[in-house]
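A.B. asks: Just passing along the structure, written as structure tokens.
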Amino acid sequence: MENKLQYYMRVIKGASFEKFFKVLDNAHERSGKNKVFLFFDILNCMARYGAGYNDYVIFEFWNLDAKQRDTYLTRFRSKKLMMFMNDHNYAHIFDNKNEFNEVFKDFIGRESLDLGTASDDDIRKFFETRKKVFAKMKDLTCGIGAELLETAKFKDADEFVAYVREKGFGTIEDVIENHPDVAKMYPYSVNTMRMITMVDAKGEPHLIYSVFKMGRDGRVVDNYGLHGPVDLETGEFLYPAHSGDTTAGKHYTEHPNTHQPLLGYKVPYMKEAVEMVKKAALVVPQMRYIGWDVAITPTGPAIIEGNNYCAHDFWQLPGQTPGGIGIMPTIHKIIPEFKY
């Protein structure tokens, strides 16, 4: 495992100085602080807290004192936590959609077909019994490369087979249907919760955070839409939502497309979703830190995918983080042996 200095040197070597100075400009515009001060403060936060330059803007570190800053799971700490908690030899189960669907078939609430092993006849049968199919790339995340396919738009099953083969999809799956109370928030994507679980040294699973994500602007995936934390027991939306660009600092009290109010909205089947991800967290014991994307269907929760590299930003954002305190104190209660 690389140490902090080695990691910093690798990050600096691969850093884009053009992006750095754009971040510096962003911090200056939003904070009103002197650029020279901000320049050295960004470097200070990198050295003391393992914060990348985007972290500085995302978390608005210019508003926080040293004690507050030290409570944040930053880029370096996030990487180290993942390496501490997860055995890389088992990461492929989460990276590859086809493997994931097989291992977690009791949790995903839909039928899927592994295109790496399926015959053309298998694909034809899948096509002929469905009006819509969701196609995913084997090892891409954040909805990249995914397509919602309407079977009526294909001349026949053979044309469908040729299309999914040519595109190189890893899986085709049933389309998940939103619960009506979820669909009203935004009807064009499957709106999900990112639920972060950790398994402690005794083998007990814990849910430490849950963020409700919604699509926007006609997109069919909820990535880079709106998101905000929900209460772990009631599913209630607690704070104004952030936009998909966590560096922008934009907040919403209603959905910009549907105009549905966000504060006070409650995600259905929250109790069942919590129970589900805690059970799923124990399926691969070598992977103790996972971010689950969970859909809420008319009949209950269904896991869309599991992420072994959890985004560290959208669960400790300004306006959603009481007292400017990040997630590290919560993590230390569960994993006191984690050092950084």
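A.B. asks: Just checking, does the range 154-161 include any residue being more than 13 Å from the chain's Cα centre (by Cα), under 21 Å from Gly291 (Cα atoms), in a loop (DSSP other than H, G, I, E, B) and not charged (D, E, K, R)?
C.D. replies: Taking every residue of the range 154-161 in turn, none turns out to be more than 13 Å from the chain's Cα centre (by Cα), under 21 Å from Gly291 (Cα atoms), in a loop (DSSP other than H, G, I, E, B) and not charged (D, E, K, R).
A.B. asks: Assess whether Val274 counts as being part of a helix (DSSP H, G or I) and at pLDDT 95 or above.
C.D. replies: yes
A.B. asks: Report yes if Ser210 is under 26 Å from Tyr252 (Cα atoms), hydroxyl-bearing (Ser, Thr, Tyr), surrounded by 20 or more Cβ atoms within 10 Å (Cβ to Cβ) and in contact with a strand residue (DSSP E or B) (Cβ under 7 Å, 6 or more places away or on another chain), otherwise no.
C.D. replies: For Ser210, the condition - under 26 Å from Tyr252 (Cα atoms), hydroxyl-bearing (Ser, Thr, Tyr), surrounded by 20 or more Cβ atoms within 10 Å (Cβ to Cβ) and in contact with a strand residue (DSSP E or B) (Cβ under 7 Å, 6 or more places away or on another chain) - is met.
A.B. asks: Here's another thing I want to ask about it. Please indicate, with yes or no, whether at least one residue in the range 291-312 is in a loop (DSSP other than H, G, I, E, B), buried (at least 20 other Cβ atoms within 10 Å of the Cβ) and at pLDDT 95 or above.
C.D. replies: no
A.B. asks: Every residue in the range 71-103 that is under 14 Å from Met46 (Cα atoms) and touching a Lys or Arg at 6+ places or on another chain (Cβ under 9 Å), please.
C.D. replies: Residue satisfying the conditions is Phe76 alone.
A.B. asks: What pairs come up if the first residue lies in the range 61-77 and is more than 14 Å from Thr330 (Cα to Cα), the second is of a type in the set (Lys, Arg) and surrounded by 19 or more Cβ atoms within 10 Å (Cβ to Cβ), and their beta carbons are under 8 Å apart, counting only those six or more places apart or on different chains?
C.D. replies: Qualifying pairs under 8 Å: Phe61/Arg69.
A.B. asks: Turning to a different aspect of this structure: Report, by residue number, each residue of the range 101-116 that is part of a loop (DSSP other than H, G, I, E, B) and either small (Gly, Ala, Ser) or modelled with pLDDT under 90 (or both).
C.D. replies: Gly109, Gly116
A.B. asks: Which residues, taken from the range 155-196, are in contact with a Gly (Cβ under 8 Å, 6 or more places away or on another chain) and among the hydroxyl-bearing types (Ser, Thr, Tyr)?
C.D. replies: If the condition is that a residue be in contact with a Gly (Cβ under 8 Å, 6 or more places away or on another chain) and among the hydroxyl-bearing types (Ser, Thr, Tyr), then Tyr186, Tyr188, Ser189 are the ones that fit.
A.B. asks: Further question on the same structure: Within the range 95-118, which residues are at negative phi, of a type outside the set (A, V, I, L, M, F, W, C) and touching a residue at least 60 places away in the same chain (Cβ under 8 Å)?
C.D. replies: The answer is Asp95, Asn96, Lys97, Asn98, Asn101, Arg110, Glu111, Ser112.
A.B. asks: What residue, of Asn44, Asn98, is among the polar types (S, T, N, Q), in a helix (DSSP H, G or I) and more than 25 Å from Tyr289 (Cβ to Cβ)?
C.D. replies: Asn44
A.B. asks: If you go through the range 20-38 one residue at a time, do you hit one that is under 22 Å from the mean Cα position of the chain (by Cα) and outside the structural domain of Gly319 (by TED's automatic domain parsing)?
C.D. replies: no
A.B. asks: Which numbered condition trips up Tyr340, out of (1) over 16 Å from Val211 (Cβ atoms); (2) touching a residue at least 12 places away in the same chain (Cβ under 8 Å); (3) in the same structural domain as Arg194 (by TED's automatic domain parsing); (4) out of contact with any strand residue (DSSP E or B) (no Cβ under 6 Å at 6 or more places or on another chain)?
C.D. replies: Here Tyr340 meets the rest and fails (3).
A.B. asks: Also: Answer yes or no: is there a residue in the range 79-95 that is at pLDDT below 95, among the acidic types (Asp, Glu) and under 30 Å from Asp156 (Cα atoms).
C.D. replies: There is no residue in the range 79-95 that is at pLDDT below 95, among the acidic types (Asp, Glu) and under 30 Å from Asp156 (Cα atoms).
A.B. asks: With respect to Thr321, is the statement that it is at pLDDT 95 or above, surrounded by fewer than 21 Cβ atoms within 10 Å (Cβ to Cβ), more than 10 Å from the chain's Cα centre (by Cα) and among the hydroxyl-bearing types (Ser, Thr, Tyr) true?
C.D. replies: For Thr321, the condition - at pLDDT 95 or above, surrounded by fewer than 21 Cβ atoms within 10 Å (Cβ to Cβ), more than 10 Å from the chain's Cα centre (by Cα) and among the hydroxyl-bearing types (Ser, Thr, Tyr) - is not met.
A.B. asks: Checking His28 against (1) in contact with a helix residue (DSSP H, G or I) (Cβ under 6 Å, 6 or more places away or on another chain); (2) over 30 Å from Gly324 (Cα atoms), only one condition comes out false. Which one?
C.D. replies: (2)
A.B. asks: Now, a different point. Residue by residue through the range 126-153, note down the ones that are surrounded by 13 or more Cβ atoms within 10 Å (Cβ to Cβ) and part of a helix (DSSP H, G or I).
C.D. replies: Answer for the range 126-153, where residues must be surrounded by 13 or more Cβ atoms within 10 Å (Cβ to Cβ) and part of a helix (DSSP H, G or I): Phe126, Phe127, Thr151.
The values are calculated or read from the model by the stated rules, or taken from the named source; none is laboratory data. As the structure is a computational prediction, the values presented were derived from the model and not from experiment. When we count neighbours, we look across all protein chains shown, and the Cβ atoms used for this are built from the backbone with ideal geometry, even at glycine.
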